[in-house]
1. Return, for the Cα atoms of region 130-260, the radius of gyration and Dmax in Å, separated by a comma.
2. Enter the angle in degrees (range 0 to 90, nearest 10) between the Cα long axis of helix 212-227 and the first principal axis of the Cα atoms of the chain, meaning the one along which they spread out most.
3. Which of the peptides 189-195, 117-123, 129-135 is most tightly packed, and how do the rest follow, going by the mean number of other Cβ atoms within 10 Å of each residue?
4. Could you give the alpha-carbon Rg of region 92-152 over 2.2 N^0.38 Å, rounded to two decimals?
5. Mind checking the angle between helix 51-63 and the chain's longest principal axis? C-alpha axes, 0 to 90 degrees, to the nearest 10.
6. Would you mind checking region 88-108 for residues with the amide N under 20 Å from a putative spin-label position 7 Å along Cα→C-beta of residue 156?
7. Using just the alpha carbons, could you tell me how many Å³ per residue the convex hull of the chain encloses?
8. Taking the mean number of other Cβ atoms within 10 Å as a proxy for protection, how do you rank 199-208, 51-60, 342-351 from highest to lowest?
């Protein structure tokens, strides 16, 4: 007796998919070539999705007999009006850093003006995968990321996952993700040229170049020195820590070994303020003995004594560009990276 051959046809991929216990939103997203967030918005009738995309999604959903889970749909509908703001920081950076708080404040204002809610999160680098989860689990309709640190490769990998996002930071070679950031190299150049024009010649740079934005500021520092016929000296460059409690002892120890300096460019206003205190402890006066320039132009830089000359980043404009870019992505439109101008604000510390 011979076995009867199975003459049933091999099921097509779409037919096999229909036979699953439940078709997942991710299945529709993969077949439509869009993000799960776009699927959610299309099926909830959001006007953030164009008609062509909505038609394609609804047609696929009908073919696959997809049904929206009412409870989940309620969560996703709320996510359309919620934007995640993620501080992606290494362990040496604090969310309470004055620049971070300033940026978050501007984003909160911009989102509020547009009737959007903000979901704020801080992730260490070893937990950065949670960034994508904010969108893929429906808690947020898109994500604004602040802090590239050591995450450039991860952000490039993340660009292959189709969900709305935009990054604040440095414009790095080979970036596949959309970046809104200020001209850090120009900022470093303006700060150092200002000190050189004030007669300084032994100018220190304080900043850790492992961080992309700081590296670009250092690039501007070296460019200005070169234009004045000076070579950067390794002994005058200190990879200062981000944390305020650590950098003052670090600067004090360095100052004892570096010899005389007559100018200093710090990668942040917080570091510049700490340096002023360290110099005072060493019996040196700012700006009489050492002229100091910071970066970010945080509110406190104007009110300390001496007030801090600083490079200003246009954070209100940055917040607007970040939100514009993210909303474009949420609507399925193309994004573009933007390089914003930086300007020098002169105060007492460099007079």
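1. 18.4, 57
2. Once rounded, the angle reads 40 degrees.
3. Ranking the peptides 189-195, 117-123, 129-135 by packing returns 189-195, 129-135, 117-123.
4. With N residues counted in region 92-152, Rg over 2.2 N^0.38 Å equals 1.18.
5. 40 degrees
6. Flagged as within label range: 88-90.
7. It comes to 176 Å³ per residue, whole-number rounded.
8. 199-208, 342-351, 51-60
Each reported figure results from applying straightforward, stated rules to the coordinates on display, with no laboratory input. Remember, predicted model here, so these are calculated numbers, not experimental data. Virtual Cβ from ideal backbone geometry, glycine too; neighbours counted across all protein chains shown.
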